[in-house]
Every structure is written in C-alpha cells, then in structure tokens.
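Quick notes on the structure that follows.
The values are calculated or read from the model by the stated rules, or taken from the named source; none is laboratory data. The shown structure was predicted, so the numbers you read here are calculated from the model rather than taken from an experiment. Heads up, the Cβs are rebuilt from the backbone with ideal geometry, glycines too, and the neighbour counts pull from every protein chain shown. Surface accessibility is based on the protein's heavy atoms, side chains included, excluding ligands, DNA and RNA. Shrake-Rupley method; radii C 1.70, N 1.55, O 1.52, S 1.80 Å.
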Amino acid sequence: MHIVEQKQDQESDINRMGEVDRFSPAELERLKLINGSMGNMRILNTFRELRTQLLKMNDKKNFVCMVTSINHGGGASYVAKNLAAVFALDKSKTSLLIDANLYAPSLDELIIGEASTGITDYLHNNQLNIKDVVYATGIPRLRVVPIGEHSEGAAEYFSSDKMQHFIDEIRSRYPDRYIFIDAPPVVDSSEARILTEVSDMVLLVVPHGRTTHDQIEMAIQVVDKEKLVGMVYNN
C-alpha cells in the first residue's frame, strides 16, 4: 500500500509541474527551444534520439548530465536547454536545468517571473533552502536553477560538500527527475572540470567548423573516460 501511495504522490507532483504558464509557439521559436508542434521535426527527432541513447546508457535510471563545449559560444547552452526540454516532453518525466555557465549564463530567460537567487547564492548562504533557487519555466515539467549573484569563487563552491548534497537531494527527491548542468567550456575553465565530479555523465558539444582536432583531443583528455558519453556536433 505504501508503494502505491508513493507512486500516486509522484504522479501528482508531475501533474502539478505540468500546470505552468506556457511559452507561446513564437516564444519557443525565439528561445530556440524544441517542442512537440515545431515545424522542423528533424531537430526534434535528433534530441529525441539523444534522449533515448542517454536513457539506455544509464539503464533508464535518472542521472546528472553535464553539458560542456570545446570553446566559448560552442552551443552547450543550446544543447543543455533542449535536452532538458525533450525529457520534459515525456509526461512521465521531469527535468531540472542548472545554470553553471559562469561566463555566459542564459537560463534566466526560461524562468516565469522573477529569479532573485540561484545556485551560487544557495552555496554561499546557509539560510537558503533548495526550494528558494528552483524556478518554474514556460515548459511543463521543466525547472531551472539560475546562476545567482555569487559567481566569484564559484570553483570552491562547486567543489564543496554542500554542492554534492544539493545534487544528491534534487536527484533523490524525485526518481523521475533528470538533471542537466549547463557548464562552461571544459578546456578553458576549472569550474567545468570540478563539475564533472558531481555528474554521472558528460556530453561534449563540438561547434562545427570552429575547432581543431587537437582541441577536441585536449577536451577528451580532460574528461573522465568513464563519464564521457559522446559528442554532439553543433552547427
């Protein structure tokens, strides 16, 4: 009976997460976010296939996936946002997107309403709770944790026990929640290398025509081989 009640509670939570102010088709297009009614089905199906592959790699258990690029402006944020969106398209799943891209934060634009605190504020301030930094978006079942105002010294914050506890808590609270970290370029930032430690898997975004073979090899060397699940070429 307890298991049945727990499952019903989880389904109720998912249903409530679907009750949000939704982005209009025009807003989704402006934000370059995939959706079930978009015209370009090729892009949508590409992200659906990425979802299938990631689920297969982790035996369909929820996970923490860090998305990083070879260099700045390489498209990691675009891929991270749309991976989170495609998981949220599945009504049996929820997704959480953490903005850890200190040099080019961009996830505030997904939030409905004001976002006064973020992940670095939570790690800096012991008075904040997790619920204080998790915000609804214009996409049902997708939540965002913005970067916050305390980005100075973020490397130390990200390597703290509190960061590990944060990740463990948001993953274990909802077994149907899939977590994506939008990280800075892995070669150019110590923060991205630190964030690999709290991630189950790392997806490397390679901007088409803007990287050399040596740069790709360098990025691969930085990431733990057991966590690197693949590369996405972004044009």
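List of remarks:
- Cβ-Cβ contacts under 7 Å between residues 6 or more apart (or on different chains), taken from a first residue in the stretch 19-41 that is within 21 Å of Tyr135 (Cα to Cα) to a second residue that is among the aromatic types (Phe, Trp, Tyr) and part of a helix (DSSP H, G or I), are listed as Lys32/Tyr78; Ile34/Phe47.
- Scanning the stretch 148-173 for residues that are part of a helix (DSSP H, G or I) and among the small types (Gly, Ala, Ser) yields Ala154, Ala155, Ser172.
- Reported count of residues in the stretch 103-113, each being open to solvent by 30 Å² or more (accessible area, probe 1.4 Å) and either aliphatic (A, V, I, L, M) or at pLDDT 95 or above (or both), is 2.
- Contact map, the stretch 196-223: residues that are on the phi > 0 side of the Ramachandran plot paired with residues that are open to solvent by 80 Å² or more (accessible area, probe 1.4 Å), Cβ distance under 8 Å, separation 6+ or inter-chain. Pairs shown: Gly209/Asn235.
- Of the criteria (1) among the small types (Gly, Ala, Ser); (2) buried (at least 18 other Cβ atoms within 10 Å of the Cβ); (3) within 17 Å of Leu195 (Cα to Cα), which one Gly138 fails: (3)
- Of the residues making up the stretch 66-89, just one is open to solvent by 10 Å² or more (accessible area, probe 1.4 Å) and over 22 Å from Arg30 (Cα atoms), namely Asn71.
- Only listed residue being without any contact (Cβ under 8 Å) to a residue 60 or more places away in the chain and open to solvent by less than 10 Å² (accessible area, probe 1.4 Å), chosen from Phe180, Phe158: Phe158
- Residues within the stretch 44-56 that are in contact (Cβ under 8 Å) with a residue 12 or more places away in the chain and either over 17 Å from the mean Cα position of the chain (by Cα) or open to solvent by less than 40 Å² (accessible area, probe 1.4 Å) (or both), tallied: 4
- When restricted to residues that are under 15 Å from Ile181 (Cβ atoms) and not small (Gly, Ala, Ser), the stretch 151-165 contains 4.
- Residue within the stretch 192-212 that is open to solvent by 60 Å² or more (accessible area, probe 1.4 Å), in contact with a helix residue (DSSP H, G or I) (Cβ under 7 Å, 6 or more places away or on another chain), among the polar types (S, T, N, Q) and part of a loop (DSSP other than H, G, I, E, B) present: no
- Which listed residue, of Ser92, Ser116, is open to solvent by 20 Å² or more (accessible area, probe 1.4 Å), assigned to a loop (DSSP other than H, G, I, E, B) and under 18 Å from Ser151 (Cα atoms): Ser116
- Selection from the stretch 221-230 of residues that are within 22 Å of the chain's Cα centre (by Cα) and loosely packed, with under 15 Cβ neighbours inside 10 Å: Asp224, Lys225, Glu226, Gly230
- Ser189 out of contact with any strand residue (DSSP E or B) (no Cβ under 8 Å at 6 or more places or on another chain) and open to solvent by less than 20 Å² (accessible area, probe 1.4 Å): yes
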